[in-house]
Amino acid sequence: MTFNQERFDTLIQKLEAFANKQPHLYKLHVAFLATLGYAYIFLVLAVTLTLLAGIVFLMLDAQSIHASSVKAIVFLLAFALVLVRSLWVSFPPPTGLALQPQDVPNLYSLINEISSKLQAPQFHHILLTNDFNAGVVQRPRLGLLGWQQNYLIVGLPLMLALPPEQFRAVLTHELGHLSGNHSRFSGWIYHQRQTWYRIVKGLRQGGNEVSSLIFERFLTWYSPFFNAYSFVLARMDEYEADRCAVELTGEQNAAEALINGEVKARFLERYFWSSIYKQVETEIEPPKMTYIAMQQALSQRLHQEITSSYLMEALTKKTNNADTHPCLKDRLKALGYILKPQQELAIFAPIKISAAQEFLGDRLEKLIEHFSQAWREEIATPWRQKYAEFQKSIATLKDLNHKSQKQELTLEEASQRAFLTLELEGEESVMPLLQEIIHRDAHHASANYLRFFSTCYAKLLVKHQNLA
């Protein structure tokens, strides 16, 4: 039976009920499954070494060497080597700009303080990225055997979007996953989920036929079950990490960090970056200081109707089994936080001092320049290509409009003219052209589709303009 999403959802539902009724027995099952993965691999290795030792013993006892015995020894040695190499799955380190203690002492001081209070492990590396996110990654240097290298990954946009105390709550949540103050078992399972995911990926991408033969059938059965059983615990751990944030930063900061994060992530994706990429229509080169513009946009009060719309969207989203993170509504409810209408203005008030300013200090300006330049270099080639395409579209539309004044366009030319008009001038300008095509051919597929699309797009645009 295939372990599809329906079967996974059903199992999750049963396990959530099981975990609520008998939490200790549920954790025992999870621990058994976590141990089973190691047991299988070491059992196969032990059997191989036992067979190898047995053949060598028989050869020594018989005081004779047979060609078949030598072949068996060579095969088993090669087999054992493959097993050991399978245990030693290579995990590439996460990417990001490494931050040094002497460059950002305030950030290191904050992280050390939180780590100490939560009894979380120290971090070997702190990386700054361009993601609107923060997270911890444990990289096992010895594959299944462990010896963890701890990374804390922090997104510059997130630091620009939050005031210091809310960012502190976010970091506390992330470090709470590794906290020794609460459940070491949950922290261990949290680590096992990450490790097994990478091991399965590494084994399947390794291209070794013997490894696939040994592990594929077991992993096909084991991975979905371990994922499902530990999924419920991982979701419980998200709530536990939220409680860590409340303990160290207070309910209000923890809750408002969640709310601010949801809303400003949507703002960046749908409004800020959309306005940046819109400039490709008129500028041959991408803007130079994008992250300065981002800093300015995030420090200001967002329009109330925009924030209300994005917040309502976040609050109507429901928890699902595609992600261990609960939805915003469930997380706020678990914290006991009730959002009142008048509180929205305070949550999205202008930021006097951002977390980036507080914890990156004098390095912030150079870091903003670095990320702006890196983004510009990465986007430069596709940006110029898009600009060239846009200019070509303008020229083509100009030619078609000029031609239409002298003679009737073919249906293909008229259709192309309509598509380009929609792209360059909007839905209001394209509607008369579509009506003309449909008048000539009532069943013209492209024109009818484009008219339907333009009508829907116009309604969405009006709604967006009202919000803006």
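Return the residue satisfying two criteria in turn: it lies in the range 1-13 and is of a type outside the set (A, V, I, L, M) and under 14 Å from Asn227 (Cα atoms), and of such residues it is surrounded by the most Cβ atoms within 10 Å (Cβ to Cβ).
Among those that are of a type outside the set (A, V, I, L, M) and under 14 Å from Asn227 (Cα atoms), it is Phe8.
Answer yes or no: is there a residue in the range 222-232 that is of a type in the set (A, V, I, L, M) and assigned by TED's automatic domain parsing to the domain that holds Thr172.
There is at least one residue in the range 222-232 that is of a type in the set (A, V, I, L, M) and assigned by TED's automatic domain parsing to the domain that holds Thr172.
Out of all the residues in the range 211-222, is one or more basic (Lys, Arg), modelled with pLDDT of 65 or more and either more than 30 Å from Ser308 (Cα to Cα) or in contact with a strand residue (DSSP E or B) (Cβ under 7 Å, 6 or more places away or on another chain) (or both)?
There is at least one residue in the range 211-222 that is basic (Lys, Arg), modelled with pLDDT of 65 or more and either more than 30 Å from Ser308 (Cα to Cα) or in contact with a strand residue (DSSP E or B) (Cβ under 7 Å, 6 or more places away or on another chain) (or both).
Out of the range 326-342, which residues are over 12 Å from Val246 (Cα atoms) and surrounded by fewer than 17 Cβ atoms within 10 Å (Cβ to Cβ)?
Result: Lys329, Asp330, Lys333, Ile338, Leu339, Lys340, Pro341, Gln342.
Against the definition (more than 45 Å from the chain's Cα centre (by Cα), surrounded by 15 or more Cβ atoms within 10 Å (Cβ to Cβ) and not aliphatic (A, V, I, L, M)), how does Ser69 come out, yes or no?
For Ser69, the condition - more than 45 Å from the chain's Cα centre (by Cα), surrounded by 15 or more Cβ atoms within 10 Å (Cβ to Cβ) and not aliphatic (A, V, I, L, M) - is met.
Which of the residues belonging to the range 365-418 are more than 30 Å from Leu127 (Cα to Cα) and among the acidic types (Asp, Glu)?
Those that are more than 30 Å from Leu127 (Cα to Cα) and among the acidic types (Asp, Glu): Glu389, Asp399, Glu408, Glu412, Glu413.
Yes or no: Ser230 out of contact with any Phe, Trp or Tyr (no Cβ under 8 Å at 6 or more places or on another chain), within 30 Å of Leu335 (Cα to Cα), modelled with pLDDT of 75 or more and part of a helix (DSSP H, G or I)? Walk me through how you get there before you give the answer.
Details: out of contact with any Phe, Trp or Tyr (no Cβ under 8 Å at 6 or more places or on another chain): yes; within 30 Å of Leu335 (Cα to Cα): yes; modelled with pLDDT of 75 or more: yes; part of a helix (DSSP H, G or I): yes.
Against the criterion (out of contact with any Phe, Trp or Tyr (no Cβ under 8 Å at 6 or more places or on another chain), within 30 Å of Leu335 (Cα to Cα), modelled with pLDDT of 75 or more and part of a helix (DSSP H, G or I)), Ser230 qualifies.
Yes or no, residue by residue, for (1) assigned by TED's automatic domain parsing to the domain that holds Arg235; (2) modelled with pLDDT of 95 or more; (3) in a helix (DSSP H, G or I):
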{"position": "Lys264", "(1), (2), (3)": "no, yes, yes"}
{"position": "Ser275", "(1), (2), (3)": "no, no, yes"}
{"position": "Lys288", "(1), (2), (3)": "no, no, no"}
{"position": "Gln295", "(1), (2), (3)": "no, yes, yes"}
{"position": "Thr319", "(1), (2), (3)": "no, no, no"}
{"position": "Thr324", "(1), (2), (3)": "no, no, no"}
{"position": "Arg331", "(1), (2), (3)": "no, yes, yes"}
{"position": "Leu339", "(1), (2), (3)": "no, no, no"}
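Let's see how each residue does on (1) at pLDDT below 85; (2) in a helix (DSSP H, G or I):
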position: Asn112; (1), (2): no, yes
position: Leu158; (1), (2): no, yes
position: Gly180; (1), (2): yes, no
position: Trp196; (1), (2): yes, yes
position: Lys201; (1), (2): yes, yes
position: Arg204; (1), (2): yes, yes
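Any residue in the range 357-383 that's touching a residue at least 40 places away in the same chain (Cβ under 8 Å) and surrounded by 14 or more Cβ atoms within 10 Å (Cβ to Cβ): show its pairings with residues that are of a type in the set (Gly, Ala, Ser) and in a helix (DSSP H, G or I) at Cβ separation under 9 Å, as long as the two are six or more apart or on different chains.
Final answer for the pair search is Phe359/Ser109; Leu367/Ala356; Ile368/Ala356; Ser372/Ala293.
The values are calculated or read from the model by the stated rules, or taken from the named source; none is laboratory data. Since the structure is predicted, the reported quantities are computational estimates derived from the model, not experimental observations. A quick note on method: Cβ atoms are made from the backbone with ideal geometry, for glycine too, and the neighbour counts reach across all protein chains shown.
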